[in-house]
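So the structure is just underneath, and the comments pick up after that.
The values are calculated or read from the model by the stated rules, or taken from the named source; none is laboratory data. Computed from a prediction, not measured in an experiment: that's the story for all the values here. Positions of Cβ are backbone-derived with ideal geometry, glycine not excepted, and every protein chain shown enters the neighbour counts.
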């Protein structure tokens, strides 16, 4: 009789996945970028050489120097310090907004996959409706309804992104709910909620983790786009998207103003994508050697 993986077997599976991940050089480069982002966000107050909000009009639009390695903006604020603090905004958006999307998606996907029938049809039609709208335009519409601000960005991106998680979880549960360990739980009189939470969902963690890792850069890009349009983080909060917007008028004369935060976004998104791709390969049992 097939049974659910024991804790020792689960640890072995993830240990093997880590060993495979370490052999993937691109994934390790991506992990390095991700760790740099996390470290920068946590210790921004220590790393930043200047106060990112301190204005000094006598130093406005200065080129890179030893004191200001990436120059200053049109208010005389240190660009490097603002990029460092902007990492906090990006990381918060990636974690919180995707956490909201993950929670909604897992709950609805679990209900759809486990109960099927009318519940499944209603939830899947909701997913179809969500997929019918371009995500960024949907976020813009929600932001116009809620108003600009970083907390509303969390809500908008989280609400728009749940459908992918729901479909993933539904597919996983459809393949698991007929397995013998689930039927044994039914026979023992376990409640549906316990079966879903204790027996089924733990076996869907690997694909969920991969999807979460690959979705975070999309959330960061969405926040940057919303901030560029003036709907995301509001002044004086340091956001990479708003920094690019502020520097758009100076691209020919002071290009570092927009290029520096643009590079920060590029490296962050690249890091998460490389790490997510490697994680997907490492957690795929079909690639086990």
Tell me whether segment 205-226 contains one or more residues that are free of Cβ contacts under 8 Å to residues at least 24 places away in the same chain and surrounded by fewer than 20 Cβ atoms within 10 Å (Cβ to Cβ). yes
Residue list for segment 145-173, restricted to those being over 17 Å from the mean Cα position of the chain (by Cα) and farther than 18 Å from residue 93 by Cα: 145, 167, 169, 170, 171, 172, 173
Condition met for residue 117 (under 30 Å from residue 54 (Cβ atoms), free of Cβ contacts under 8 Å to residues at least 40 places away in the same chain, over 22 Å from the mean Cα position of the chain (by Cα) and surrounded by fewer than 21 Cβ atoms within 10 Å (Cβ to Cβ)): no
If you scan segment 169-190, which residues turn out to be modelled with pLDDT of 90 or more and buried (at least 19 other Cβ atoms within 10 Å of the Cβ)? 169, 170, 172, 173
Which listed residue is assigned to a loop (DSSP other than H, G, I, E, B) and surrounded by 20 or more Cβ atoms within 10 Å (Cβ to Cβ), from 69, 52, 63: 52
Cβ-Cβ under 8 Å, sequence separation 6+ or interchain: first residue in segment 227-248 and touching a residue at least 60 places away in the same chain (Cβ under 8 Å) and on the phi > 0 side of the Ramachandran plot, partner surrounded by fewer than 22 Cβ atoms within 10 Å (Cβ to Cβ) and not in a helix (DSSP H, G or I). Which pairs? 230/148
